[in-house]
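Everything below concerns the one structure shown next.
The values are calculated or read from the model by the stated rules, or taken from the named source; none is laboratory data. All values derive from a computational prediction rather than experimental measurement. No Cβ is skipped: glycine too gets one built from the backbone with ideal geometry, and neighbour counts run over all protein chains shown.
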Amino acid sequence: MMTNSFEYKDRIFISCQDTLEGMKSLQDNSIDLAIADPPYGASTKANWNLQGNHDLPGMGGAWKLASHDWDMLCGVEGFKFTFAWLNELKRIVKPSGSIWIHSTYHNSGYVNVACQALGIEIINEVVWYKRNSFPNLSGRRLTASHETILWVHTGTKREYLFNYNEVKAASFSEDQLKEAGKQLRTVWDIPNNKKKDEIQFGTHPTQKPVRLIDRMLMISAKPGGRLLSPFMGSGTDIVAGFRYGMNCVGFEIEKEYFDLSLMRIKEEILKKESSLF
């Protein structure tokens, strides 16, 4: 029988609810690392018209853009939603912590602008190069083979954790751009394919491979720290964070994907507990 929330000791708490409501329950400066994979905005039609009396900080007067294809979080409402969840992350992520934000060309622009308007400093813009990307079947545009990831922080003195020496020493068998002893670049060569255990209970349309999240954790996480996944999806962030030794919190509004996450997380807990005996 499935539930709307799940807790495992003090290590994991996940809830099937709107992320803004979920984040409101978290205390200020209580999160060490957040990994956000928000809706990209790529499905339905909408006109992006911003009226002169809007209430978005730092955005000037009225805007009017042509109609494009977006998902359900589009236009002004999608922009406001971006400001809202980023504002919550700014409140709850420690100055010594940081945030990773997944995006594509559909939403990377206003995620970038929202960060700057809220005073969230961008540390790096990472290009995730996917060698095995899905081909473009229409023959009317280039094959999309990358996504953009922003690494940002909420502090004013650049106190964020960076495991520099560990990252510099690392090498990855699948990454043709990273050599052991060399600094990690902002282009990551990471295949998008998932291992069998990552998809054994089902998949999510924008599911990320664990190896991608592992790299973020290597760069900016610490065992025993607190990880937040505000858009949990299939639970990859929680699975990777739990393996790394972090205490994990996740929110997912869609019950189908919450249940998928729950199955993956329970399987991961079972593996962990079995290894202790």
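In region 1-28, what residues are in contact with a strand residue (DSSP E or B) (Cβ under 8 Å, 6 or more places away or on another chain), over 15 Å from Gly233 (Cβ atoms) and not charged (D, E, K, R)?
Asn4, Ser5, Phe6, Ile12, Phe13, Met23, Leu26
Can you tell me how many residues within region 140-161 are loosely packed, with under 15 Cβ neighbours inside 10 Å and either in contact (Cβ under 8 Å) with a residue 12 or more places away in the chain or of a type outside the set (A, V, I, L, M, F, W, C) (or both)? If you could, list the steps in order and put the result at the bottom.
Quick first cut of region 140-161, residues loosely packed, with under 15 Cβ neighbours inside 10 Å only: 140-144, 156-159.
Now drop any that are not either in contact (Cβ under 8 Å) with a residue 12 or more places away in the chain or of a type outside the set (A, V, I, L, M, F, W, C) (or both), which leaves 140-141, 143-144, 156-159.
Adding up the residues that qualify gives 8.
Look through Gly241, Gly235 and report the one residue that is touching a helix residue (DSSP H, G or I) at 6+ places or on another chain (Cβ under 9 Å) and on the phi > 0 side of the Ramachandran plot. Can you show your working first?
Numbers: Gly241 fails: on the phi > 0 side of the Ramachandran plot.
None of the others qualify; the one that does is Gly235.
Going residue by residue through region 122-134, is there one that turns out to be within 20 Å of Asn29 (Cα to Cα), surrounded by fewer than 16 Cβ atoms within 10 Å (Cβ to Cβ) and touching a strand residue (DSSP E or B) at 6+ places or on another chain (Cβ under 9 Å)? Outline the logic, then answer.
From region 122-134, those within 20 Å of Asn29 (Cα to Cα) are 122-123; that's our starting set.
Keeping just the survivors that are surrounded by fewer than 16 Cβ atoms within 10 Å (Cβ to Cβ) gives 122.
Subset that is touching a strand residue (DSSP E or B) at 6+ places or on another chain (Cβ under 9 Å): 122.
So far as region 122-134 goes, yes, one or more of its residues are within 20 Å of Asn29 (Cα to Cα), surrounded by fewer than 16 Cβ atoms within 10 Å (Cβ to Cβ) and touching a strand residue (DSSP E or B) at 6+ places or on another chain (Cβ under 9 Å).
Filter region 193-211 down to residues that are over 17 Å from Glu268 (Cα atoms) and out of contact with any helix residue (DSSP H, G or I) (no Cβ under 8 Å at 6 or more places or on another chain) and give me whichever is surrounded by the most Cβ atoms within 10 Å (Cβ to Cβ).
Within region 193-211, the match that is surrounded by the most Cβ atoms within 10 Å (Cβ to Cβ) is Thr206.
For region 180-265, please list each of the strands (runs of 3 or more DSSP E) lying entirely inside it that holds at least 2 residues being more than 21 Å from Glu147 (Cα to Cα) and of a type outside the set (S, T, N, Q). Working first, answer last.
Numbers: elements: 187-189, 226-229, 247-251.
Where strands (runs of 3 or more DSSP E) fall fully within region 180-265 and carry at least 2 residues being more than 21 Å from Glu147 (Cα to Cα) and of a type outside the set (S, T, N, Q), they are 226-229, 247-251.
Quick one: what pairs do we get from region 198-209, first residue on the phi > 0 side of the Ramachandran plot, second crowded, with 16+ Cβ neighbours inside 10 Å and part of a loop (DSSP other than H, G, I, E, B), C-beta under 9 Å, 6+ apart or different chains?
Gly202/Ser234
Return yes when Leu137 is surrounded by fewer than 14 Cβ atoms within 10 Å (Cβ to Cβ), at negative phi and at pLDDT below 95 and no when it is not.
On the way: surrounded by fewer than 14 Cβ atoms within 10 Å (Cβ to Cβ): yes; at negative phi: yes; at pLDDT below 95: yes.
The answer is yes for Leu137.
Could you count how many residues in region 98-126 are hydroxyl-bearing (Ser, Thr, Tyr) and under 14 Å from the mean Cα position of the chain (by Cα)? Show your work before the answer.
Within region 98-126, the subset hydroxyl-bearing (Ser, Thr, Tyr) is 98, 103-105, 108, 110.
In the following step, the residues that additionally are under 14 Å from the mean Cα position of the chain (by Cα) were identified as 98, 103-104, 108.
Residues in region 98-126 being hydroxyl-bearing (Ser, Thr, Tyr) and under 14 Å from the mean Cα position of the chain (by Cα): 4 in total.
Identify the single condition in (1) of a type in the set (Asp, Glu); (2) without any contact (Cβ under 8 Å) to a residue 40 or more places away in the chain; (3) closer than 30 Å to Asn165 by Cβ that Glu273 does not satisfy, given that it satisfies every other one.
If we test Glu273 against (1) of a type in the set (Asp, Glu); (2) without any contact (Cβ under 8 Å) to a residue 40 or more places away in the chain; (3) closer than 30 Å to Asn165 by Cβ, just (3) comes out false.
Enumerate the strands (runs of 3 or more DSSP E) found wholly within region 10-124, keeping only those where 2 or more residues are modelled with pLDDT of 95 or more.
On the way: elements: 12-15, 31-36, 44-46, 68-70, 93-103.
The strands (runs of 3 or more DSSP E) meeting that bar are 12-15, 31-36, 93-103.
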